[in-house]
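The values are calculated or read from the model by the stated rules, or taken from the named source; none is laboratory data. Just so it is clear, the model here is predicted, and its values are computed rather than measured. Ideal geometry is used to build each Cβ from the backbone, glycine not excepted, and the neighbour counts take in all protein chains shown. Heavy atoms of the whole protein, side chains included, go into the accessibility calculation; ligands, DNA and RNA do not. Shrake-Rupley method; radii C 1.70, N 1.55, O 1.52, S 1.80 Å.
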Amino acid sequence: EYCEKSEEMYRALQKSSKSIYGKDPVAELLFEKVYSRFIEASNLPVTFEQKIKVREACLSITELIRKKKMNSAIDDFTKLDEMIEGFKQ
């Protein structure tokens, strides 16, 4: 179930990337960082539910980027990084 959900989320992320690239270099840069966190989730020493939570956060940030709500996207990305750091400790 985890793999299936992750695959579905990954496809959604890829689909969103097509509407981000080529429009705004800042949005592209932030998306690249979000994308790396999405991939990094697999290696976090946490439960599957927590990994999914990280990936869901990545998708919601991607959606904010797509809608050009950069301030909210940056705020949420900062929260995501704090959550990931908390998981690593």
Practice item. For region 1-59, compute Rh as the Kirkwood radius over C-alpha pairs and then the Stokes-Einstein diffusion coefficient at 25 °C and 0.890 mPa s; write the answer in µm²/s, rounded to an integer. Key: 206
Study note, to complete from the structure: Expressed as a whole-number percentage, the relative contact order of region 32-83 with C-alpha contacts under 8 angstrom and at least six residues apart is 33
**Study point:** Heavy-atom SASA rank of 78, 62 (probe 1.4 Å, accessible area, largest first)
**Key:** 78, 62
**Study point:** GNM top mover of 49, 32, 40 - the chain, alpha-carbon springs below 10 Å
**Key:** 49
Practice item. Compute the acute angle (0 to 90°) between the alpha-carbon long axis of helix 25-40 and the principal axis of greatest extent of the alpha-carbon atoms of the chain; round to the nearest 10°. Key: 10
Review point. Size of the dipole of the chain about the Cα centre, Lys and Arg at +1 and Asp and Glu at -1 on the beta carbon, nothing else charged, in debye to 20?
Key: 340
Point to revise | the chain, accessible area per residue, ligands and nucleic acids excluded (1.4 Å, Å²) | key: 64
Practice item. For the chain, find the longest principal axis of its Cα atoms and tell me its angle to the long axis of helix 48-66, 0 to 90°, nearest 10. Key: 0
Point to revise | Theoretical ellipticity at 222 nm over the chain - DSSP helices of four or more residues, -39500 (n - 2.57) apiece, nearest 500 | key: -28000 deg cm²/dmol
Practice item. Sequence neighbours fewer than 8 away in the same chain don't count; with that in mind, list the lysines whose C-alpha is under 17 Å from residue 51. Key: 5, 33, 79, 88
Check your understanding: residue 53: which aspartates and glutamates have alpha carbons under 15 Å from its alpha carbon, excluding same-chain residues fewer than 8 sequence positions away?
Key -> 1, 4, 7, 8, 40, 76, 81, 82, 85
